[in-house]
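> Structure below; questions to follow.
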């Protein structure tokens, strides 16, 4: 596998990263209607990129993964950070890149003095997050897709 470089994102990279996010989501077999709905919300936040709350993994000039976290906020468990996005290009799934990006998110959350990393996950990714040390809390209704639930997880940092 080619060398992977983690970098902050520049505006001219946003389109390529957003396209990778959608390829990653489509990997799980979602139909065109579902993907059209997801395309409206599964996008890199340019402000998060400018603030250093997003990082991309690159191999030979192509985005292979992305992690984005929220700004810290107060929750019922104390100061928290949300894992807004974590996507891996289909050809890089299983390469360890997801762990590398997840570890970056944990490190950033700790540096922000958060005690919890919150995750609203795709059902297909729940096993990955629990393998990384997150705990499943409950299924929550999707705000985008009626009659769909999404796993809510948390990773305690202390």
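> Looking at this structure, is residue 123 in contact with a strand residue (DSSP E or B) (Cβ under 9 Å, 6 or more places away or on another chain) and in contact (Cβ under 8 Å) with a residue 24 or more places away in the chain? Before you say what the answer is, go through the steps one by one.
Numbers: in contact with a strand residue (DSSP E or B) (Cβ under 9 Å, 6 or more places away or on another chain): yes; in contact (Cβ under 8 Å) with a residue 24 or more places away in the chain: yes.
So residue 123 passes the test.
> May I pose another question? I need a count of the residues in segment 38-75 that are closer than 23 Å to residue 118 by Cβ, touching a residue at least 24 places away in the same chain (Cβ under 8 Å) and surrounded by 15 or more Cβ atoms within 10 Å (Cβ to Cβ).
Looking only at that region, the number is 19.
> Name the single residue that is nearest to residue 155 (Cα to Cα) among those in segment 15-71 being in a helix (DSSP H, G or I) and in contact with a strand residue (DSSP E or B) (Cβ under 6 Å, 6 or more places away or on another chain). Give the derivation first.
Taking segment 15-71 first, the residues in a helix (DSSP H, G or I) are 15-26, 32-39, 46-50.
Subset that is in contact with a strand residue (DSSP E or B) (Cβ under 6 Å, 6 or more places away or on another chain): 16-17, 20-21, 24, 48.
Working: 16: 29, 17: 26, 20: 26, 21: 23, 24: 23, 48: 21 Å.
Going through the qualifying residues, I end up with 48.
> Can I ask one more? Please find, within segment 76-92, the residue that is farthest from the chain's Cα centre (by Cα) out of those that are surrounded by fewer than 18 Cβ atoms within 10 Å (Cβ to Cβ) and in contact (Cβ under 8 Å) with a residue 60 or more places away in the chain.
Restricting to residues being surrounded by fewer than 18 Cβ atoms within 10 Å (Cβ to Cβ) and in contact (Cβ under 8 Å) with a residue 60 or more places away in the chain, the top hit is 77.
> If only one of 141, 146 is in contact with a strand residue (DSSP E or B) (Cβ under 8 Å, 6 or more places away or on another chain) and either loosely packed, with under 13 Cβ neighbours inside 10 Å or without any contact (Cβ under 8 Å) to a residue 24 or more places away in the chain (or both), which one is it? Let's see the steps before the verdict.
Working: 146 fails: in contact with a strand residue (DSSP E or B) (Cβ under 8 Å, 6 or more places away or on another chain).
Of 141, 146, the one residue that is in contact with a strand residue (DSSP E or B) (Cβ under 8 Å, 6 or more places away or on another chain) and either loosely packed, with under 13 Cβ neighbours inside 10 Å or without any contact (Cβ under 8 Å) to a residue 24 or more places away in the chain (or both) is 141.
The numbers here are math on the coordinates, done by the rules we state, and not lab data. Fair warning: this is a prediction, and the values are worked out from it, not measured in the lab. Every residue, glycine as well, gets a Cβ built from its backbone with ideal geometry; the counts of neighbours run over all protein chains shown.
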